[in-house]
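A short worksheet on the structure shown next.
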Amino acid sequence: MARSSAIDRLSALSDDVLLNHILSKISYRDVVRSSLLSQRWRLLWTKIPRLKFCPEDFEKQKDGRIQAIINNALLHLDTRLSCLELTVALDDPKAAYINNWIRLAAEKQVERMDIHICNRDPKTGKRISNGASPMMELGDSIFSCENLTVLTVQYIRIPKMPTNFGVFRSLKALRYAGIPNLDDAMFEGFMDLCPHLQDLGILSCLGLKNLNIRSFNLMWIHLGDLRPDISLQLTCPRLMEIGLIDSGQYAGLKWLKLLQQISRAKSVKKVILQNYNTGNAVNPGMPSIIVLNSFPGLEELTIHGQCFQVSILYLQVKYS
């Protein structure tokens, strides 16, 4: 009797608390499992504004099963999709899978999207991390996501811009990582589609040789592990922060050239150097001199990692 009359405390929570503070914070697999805890949860899962899929959700699933699960989640979603995080390992990552998911997300007016489709070893079933495959490519469906404010694309080929496409009017943040076919012309073309972009991140895109970044509204730029001989030109009058990430595979002097080019941005107030390696530099102190003396508006310098042949965990320099 006591059990039958016991209050379902989870069901007593408001829809806002359940959706935005509990269900939207966990993976899709855990959402499905948690629906067994409460009768109301069995109905609310279709109203979750944020969907997150990760490899752990599909450890022992076949590709067809993975496709069905994601299709089902997107098809039955009964609300506007605020965020789609899709990190999925496939044996045969055909473009049809990916494009269908993005098309369904676009129909739900997705605002934030993080796409990472990676290889999976067909024998072991384990994900092959950060391995871009020529067969993995986004289709034109990405250009149907007119409500995007944040777009992250990792280790997958991107399509060329269709001639009849307008612009991403709402896109504020764009992050590329390991895009094998991203070259200078494609990058500049995509930037022209993002007139209101404020935050740009580029990591391990080795097809870029002459990086020309032109954006009136851009305020934050973070670059990492690009070609050692890359040239950089900035036309960003509102730029406030620049971050450089170096995994150690490039010599310090090659980064000095990049720093000298970046220092022409007069509006920059903050520079972040992460794992900056100057072991091959003639003068280990030269990078700090260039940064501190060449940025006229610099207020803050932050350095993380192995720098200047000594171990520096955190260094911050401020000017009053």
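General observations
- When the test is whether a residue is touching a strand residue (DSSP E or B) at 6+ places or on another chain (Cβ under 6 Å) and modelled with pLDDT of 95 or more, Ile202 passes it.
- Only one of the numbered conditions (1) at pLDDT 80 or above; (2) surrounded by fewer than 20 Cβ atoms within 10 Å (Cβ to Cβ); (3) part of a helix (DSSP H, G or I) is not met by Thr87, and that is (3).
- Of all residues making up segment 69-84, the number that are part of a loop (DSSP other than H, G, I, E, B) and within 16 Å of Cys145 (Cα to Cα): 4
- Scanning segment 133-175 for residues that are of a type in the set (Val, Ile, Thr), surrounded by 16 or more Cβ atoms within 10 Å (Cβ to Cβ) and closer than 22 Å to Ser215 by Cα yields Ile142, Thr149, Val150, Thr152, Val153, Ile158.
- Yes/no for Asp15 being acidic (Asp, Glu), at pLDDT 80 or above and surrounded by fewer than 16 Cβ atoms within 10 Å (Cβ to Cβ): no
- A residue that is of a type in the set (Ser, Thr, Tyr), in a loop (DSSP other than H, G, I, E, B) and modelled with pLDDT under 75 occurs somewhere in segment 239-257.
- Matching residues in segment 53-68 - criterion: being out of contact with any helix residue (DSSP H, G or I) (no Cβ under 6 Å at 6 or more places or on another chain) and at pLDDT 80 or above: Ala68
The values are calculated or read from the model by the stated rules, or taken from the named source; none is laboratory data. Predicted model, so just to flag it, every value in this text is computed and none were measured. Positions of Cβ are generated from backbone atoms using ideal geometry, with glycine treated the same way; all protein chains shown enter the neighbour counts.
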